[in-house]
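None of the figures in this text is laboratory data; all of them are computed from the coordinates on show. Since we're looking at a predicted model, the values are computed, not measured. In this analysis, Cβ positions are derived from the backbone assuming ideal geometry, glycine residues included, and neighbour counts consider all displayed protein chains.
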Amino acid sequence: MAGEVLHGISIVHPGQVGDEYFMTKGHFHTVLETAEVYHCLKGEGYMVMETPEGEWAVAELRPGVVLYVLPRWAHRSVNTGAGDLVTLFAYPGHAGHDYGTIEQKGFRKLVVERDGRAAVVDNPRWSRN
C-alpha cells in the first residue's frame, strides 16, 4: 500500500458521557513519521493531538477547516456541537494505526463541558506507563 493515499469519512454523533463529549478512539500511526489531513465538512468540535514526547495541541474543527496532523502526533476528533461532526480524512497507505497506546494511556487532555461550553482539561486518568 506504499504510495497509495487512503481516505474516508468520519462521523461522530453529538452527545456526552458525563461531562465528556463523544469522540473517536484516537490513534498514532504505526509508522510514526506519517501525517494525516482532515477536512471538516459539517459540525463543530476539536482535534485533540499529542506526541509520544508530551507535546499537545487542540485545534478547532468547523465546516471548511482543513487540518494537517503532523507526523508523530496521535489524534482524536471530539464533537462539541448539537449535530454530527463530519470529516474527510486522508493518509499514506502504509501509515497503519496504533490504537493500543491510546487505549492503555489515554490522551493527556480531554474536552469536557464546563458552564455550558467546551473546555480543555487535564485527563486525571492519563498514565505515563
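Counting other beta carbons within 10 Å of each Cβ, put Glu103, Glu20, Glu36 in order, fewest first. Write out the running numbers ahead of the final one.
Details: Glu103 11, Glu20 15, Glu36 21.
Result, fewest neighbours first: Glu103, Glu20, Glu36.
FRET efficiency for the pair Arg62 and Asn123, taken as 1/(1 + (r/R0)^6) with r the Cβ-Cβ distance and R0 = 25 Å, rounds to 0.55.
Using 0.36 nm times the number of residues separating Lys25 and Thr101, minus their current alpha carbon distance, what extension gain do you get?
26.3 nm
According to the square roots a ≥ b ≥ c of the eigenvalues of the Cα gyration tensor, what is the shape class of the range 1-66, taking rounded for a/c under 1.5, prolate for a/b larger than b/c otherwise, and oblate for the remainder? Cα axes put the range 1-66 in the oblate bin. Remark on the chain: Rg and Dmax equal 14.2, 47 Å (Cα only).
Compute the Cα gyration tensor for the range 70-129, then decide on rounded, prolate or oblate, letting a ≥ b ≥ c be the square roots of its eigenvalues: rounded whenever a/c is under 1.5, prolate when a/b is larger than b/c in the other cases, and oblate in all that remain. It is oblate, given that a/c is not under 1.5 and a/b is not larger than b/c.
What net charge is computed for the residues neighbouring Ala59, neighbours being all others with C-beta under 14 Å from the C-beta of Ala59, Lys and Arg scored +1, Asp and Glu -1? Each step should come with its number before you reach the end.
On the way: positive: Arg62, Arg76, Lys109; negative: Glu36, Glu44, Glu50, Glu55, Glu60.
With Lys, Arg at +1 and Asp, Glu at -1, the net is -2.
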